[in-house]
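Visitor: Got a structure for you, written out below as structure tokens; questions coming shortly.
The values are calculated or read from the model by the stated rules, or taken from the named source; none is laboratory data. What you see is a predicted model, and the numbers here were worked out from it, not measured in a lab. Neighbour counts are summed over all protein chains in view; Cβ atoms, including those assigned to glycine, are modelled from backbone coordinates with ideal geometry. With ligands, DNA and RNA removed, areas are computed over all heavy atoms of the protein, side chains included. Shrake-Rupley method; radii C 1.70, N 1.55, O 1.52, S 1.80 Å.
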Amino acid sequence: MSGGIGGGEGVPERVERTLRPGATVGVLGGGQLGRMIALAGSAMGYRFVALDPAPDAPCGQVSPQIVAAYDDIAAARELARRADVITYEFENVDAGVAALLAEESYVPQGSALLYTTQHRLREKAAIEAAGVPVAPYRKVASLADLTAAAAELGLPAVLKTVTGGYDGKGQAVLRREDELEEAFRRLAPERAASAVPPQDGPAEGDAGFPAGEDAPLVLEKFVPFRCEISVIAARSPRGEVKSFPPAENIHVNNILHLSIVPARVPEAIQSKARELAEKLIAGLDAVGLLAVEMFVTEDGKLFVNELAPRPHNSGHYTMDACATSQFEQHVRAVCNLPLGDTELLTPAVMVNVLGQHLEGAVERFCSDDEEANRLGVIPKLHIYGKTESKTGRKMGHINLLCKDTADALAWVEQTNLWRN
């Protein structure tokens, strides 16, 4: 191993180990987040190797790549052999493989938080245990459960699968009682197909399944909110915690469209949001980054919506607008270096480039940008290197540096790239 080790006797391993530049970081996942982690860490002198099933994955274009499935034990062990420290770039990697790597290699993030955040009910329980508020919710194992939960929480409400799902997938907004059955059948087809009890009486468990099996869905009370914000917090094995300024997030078709920084909420709410994120990452004993998505109500209350134990789309603004990017901070955290300064150096708006926007965005950056010059906005284009461009797929993003976020928002509106 090339990483330096220090610390006193009897201290837990993850507190002792500091990985110096020159060490190799293994990344479970080879998507755009892994790519940007590798680019930031390479500038600091670290080497990288990624494991991803897709040949020529975005991270594999800037670092060596092991092409294999995430649950391939032999490939995971090869990653452990080639790396001094292992991290993950998204939370849907196999938690069992992460647990194996934690036993056989150095995984400062461990597998416990990965296991927790892969399941919405476990995640919500962990947030509550840390003393942080979440929107009211109920687990749903059957159509009867859903009917009772909707009556208790009221409609509208959001029904979600407890595992998987991103960018609006695996969920349904319920506004009327007559929508419940169709949503249940669509999101939990196996439960719906097994919902008829035997003739001699009701099933022992939920919808004919064993009584101890997890519910496949969760119903969340719809929180009337003023806006959605997110905070990226970082924590190192030595226990140092820092957070980035909150981003105000705007979604279109359940996909993040814009992140606005500073968020357009009072300073007191911004401070409280950072406080909650820092409380969560410490309470969960997490290492690396934790993205905390929150609702801000009209009366200024905050409810945590979801967590992501990794760099996050809403933190991409940090690449050009902060003293330290979220990707550099992630490398610093997992390598147990002092965390970087999170000061916001300039207001910024991050706008996602989806497949249908990619050609226009590239063409615009190959010519003079009259709107940017007139508005005093500095666009920074980041393309992820994905091999196939699809409508609705995140292909890149643009960070708009500005003196006033209203000017950056005007640029987004006037360029016409996002009207399709």
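Visitor: To the nearest 10 square angstrom, how much accessible area does Cys366 have with a 1.4 angstrom probe?
Guide: 110 Å²
Visitor: Ok, one more. What spacing in nm lies between the two simple spin-label points modelled at Arg77 and Thr163, each 7 Å away from Cα in the Cβ direction?
Guide: Taking the simple label geometry, Arg77 and Thr163 are separated by 2.5 nm.
Visitor: Can you work out the accessible area per residue across the stretch 309-414, with the rest of the protein chains kept in place, probe 1.4 Å, in square angstrom?
Guide: The answer is 40 Å² per residue.
Visitor: Mind listing the phi-derived Karplus ³J(HN,Hα) values for the stretch 348-363, rounded to whole Hz, using 6.51, -1.76 and 1.60 with θ = phi - 60°, and x for any glycine or proline?
Guide: For the stretch 348-363, the Karplus-derived couplings read 7, 10, 9, 10, 6, 9, 8, x, 6, 9, 4, 4, x, 5, 5, 4 Hz, x marking Gly and Pro.
Visitor: Which residues' amide hydrogens lie under 5 Å from the amide hydrogen of Ala135, considering only partners 5 or more residues apart or on another chain, with H built in the peptide plane?
Guide: For Ala135, whose amide H was placed from the backbone, the distant partners under 5 Å are Val304.
Visitor: May I ask you to compute the full-extension gain from Asn373 to Glu240, defined as 0.36 nm times their residue separation minus their alpha-carbon distance, rounded to one decimal in nm?
Guide: Fully extending the segment from Asn373 to Glu240 adds 43.8 nm.
Visitor: Let me ask something else about it. With an 8 Å Cα cut-off and a minimum separation of 6 or more residues, compute the relative contact order for the chain in percent.
Guide: 13 percent
Visitor: For a distance above 28 Å, tell me the whole-number percent of Cα pairs in the chain that qualify.
Guide: Beyond 28 Å sits 52 percent of the P(r) for the chain.
Visitor: Also: Roughly how many Å² of His382 are accessible to a 1.4 Å probe, to the nearest 10?
Guide: Rounded to the nearest 10, that gives 40 Å².
Visitor: Report the gain in length on full extension from Glu179 to Ala112: 0.36 nm times residue separation, minus Cα-Cα distance, nm rounded to one decimal.
Guide: So the extension gain works out to 20.5 nm.
Visitor: If we count trypsin sites (Lys or Arg not before Pro) as exposed when they sit in a DSSP loop and have at most 11 other beta carbons within 10 Å, what is the longest stretch of the chain that avoids them all?
Guide: 177-420
Visitor: Tell me, what HN-Hα J-couplings in whole Hz come from the Karplus equation 6.51 cos²θ - 1.76 cosθ + 1.60 at θ = phi - 60° for each residue of the stretch 110-119, using x for Gly and Pro?
Guide: x, 10, 5, 5, 4, 4, 5, 7, 7, 9
Visitor: Same structure, new question: Within the stretch 256-303, list the GluC sites (Glu not before Pro) lying in a DSSP loop whose Cβ has at most 16 other Cβ atoms in a 10 Å radius.
Guide: Within the stretch 256-303, the qualifying GluC sites (Glu not before Pro) (loop, at most 16 other Cβ atoms within 10 Å) are Glu298.
Visitor: Same structure, new question: Can you compute 3J(HN,Hα) from phi for each residue in the stretch 281-296, using the Karplus curve 6.51 cos²θ - 1.76 cosθ + 1.60 with θ = phi - 60°, rounded to whole Hz and x for Gly and Pro?
Guide: In residue order, the calculated couplings are 5, 6, x, 7, 6, 7, 10, x, 9, 9, 8, 10, 8, 9, 9, 10 Hz.
Visitor: Same structure again: Straight-line reach only, C-alpha to C-alpha below 17 angstrom: list the lysines that Lys272 could link to, leaving out same-chain residues fewer than 8 apart.
Guide: Correct list for Lys272: Lys242, Lys301.
Visitor: Compute the separation of the alpha-carbon centres of the stretch 16-43 and the stretch 350-398 and state it in Å as a whole number.
Guide: Spelled out, the Cα-based centre of one part sits 25 Å from the other.
Visitor: A follow-up question, please. Roughly how many nanometres apart are two label points built 7 Å out from the Cα toward the Cβ at Lys301 and Glu104?
Guide: Distance between the two pseudo-spin positions: 4.8 nm.
Visitor: Please compute the modelled spin-label separation between Asp404 and Cys366, points set 7 Å along Cα→Cβ, answer in nm with one decimal.
Guide: So the two model labels end up 3.5 nm from each other.
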